Amino acid sequence: MTGLFVTLEGGDAAGKTTQAERLEAWLTARGRTVVRTREPGGTDLGLAIRDLVLHREGPVAPRAEALLYAADRAHHVATVVEPALARGDVVLQDRYLDSSVAYQGAGRVLDAGEVRRLSMWAVGGLLPRLTVLLDLDPRVGRDRRADRARFDRLEAEDDAFHERVRDAYLRMAAAEPDRFLVVDAAQGPDVVQDRIRSAIEPLLAAP
């Protein structure tokens, strides 16, 4: 059985965790083995990097931040994603290299092309078969995440930062329509889930 790599992307509080949980249950019920993971934090090393880049108060140089994400991604793909795909599993992942292009490239105003090339080198060119972009107005996302207790350096950025992130995601989706599925995340979770399942279903039967 061929493995399938699916990633979920989008701004903070767009509903990625909720949709991933539902997708995992649906895929498991269909008899597929699902490896649900995330970046950063999908490995022990990734958890340490996640704490550094997201929960450490105080400045982190933008290039250093991009390099830390790339280091996590290289280790994660080599030790989790590629072995799962080789087994024929479905890898369902919360964030991947598109997050770095959006957050470090556009959000931190680095060169998006350089950030993408760094990540592509880190993962040996591996891209998902499907990337689900949960698109949400950053102002709605801000309201949704207002009651989160733990400090998150990226969530704490201002609306202008999150607008740049959203615009970058939409540009990527327009440039790669065969890989991206853009879903309005302001819709009800059931509607969003139905859209995603409709896109994944034909991929499950693909050779």
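Laboratory data are not the source of any read-out in this text; all were calculated from the coordinates shown. Just so you know, these numbers come straight off a predicted model, no measurement behind them. Ideal geometry is used to build each Cβ from the backbone, glycine not excepted, and the neighbour counts take in all protein chains shown.
Based only on other Cβ atoms within 10 Å, what is the fewest-to-most ordering of 115, 192, 123? Show your work: numbers first, answer last.
Numbers: 115 25, 192 21, 123 18.
Starting with the residue having the fewest Cβ neighbours, the order is 123, 192, 115.
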Note to self: I want to check the label-to-label distance for residue 191 and residue 51. Put each point 7 Å from Cα in the C-beta direction and report it in nm to one decimal.
What the structure shows: 4.1
Next item on the list: Would you calculate a helix-derived [θ] at 222 nm for the chain, using -39,500 (n - 2.57) for each DSSP H run of n ≥ 4 and dividing by the full residue count, to the nearest 500?
Entry: -15000 deg cm²/dmol
Margin query: Give me the net charge for the shell around residue 200: Cβ to Cβ below 12 angstrom, other residues only, Lys and Arg +1, Asp and Glu -1.
Written below: +3
Notebook entry, point to check: Most exposed first by the Cβ proxy, i.e. fewest other Cβ within 10 Å, how do 57, 9, 114 rank?
Noted result: 57, 114, 9
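Work out, step by step, the length gained on full extension between residue 206 and residue 143: first 0.36 nm times the residue separation, then minus their alpha carbon distance; give nm to one decimal.
Full extension of this stretch gives 18.7 nm more.
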Check: Looking at 124, 52, 62, which one has the Cα that reaches farthest to the positive end of the dipole of region 4-204 (charges on Cβ: Lys, Arg +1; Asp, Glu -1)?
Finding: 124
Notebook entry, point to check: Taking a label point 7 Å from the Cα of residue 156 along the Cα→Cβ vector, which residues of region 58-76 have an amide N closer than 14 Å to it?
Noted result: 58-61
Next item on the list: Note down the magnitude of the dipole of the chain about its Cα centre, charges +1 on Lys and Arg C-beta and -1 on Asp and Glu C-beta and zero elsewhere, to the nearest 20 debye.
Entry: 380
Notebook entry, point to check: Suppose every K and R has +1 on its Cβ and every D and E has -1 on its Cβ; what is the size of the dipole of region 2-105 about the Cα centre, in Debye to the nearest 20?
Noted result: 260
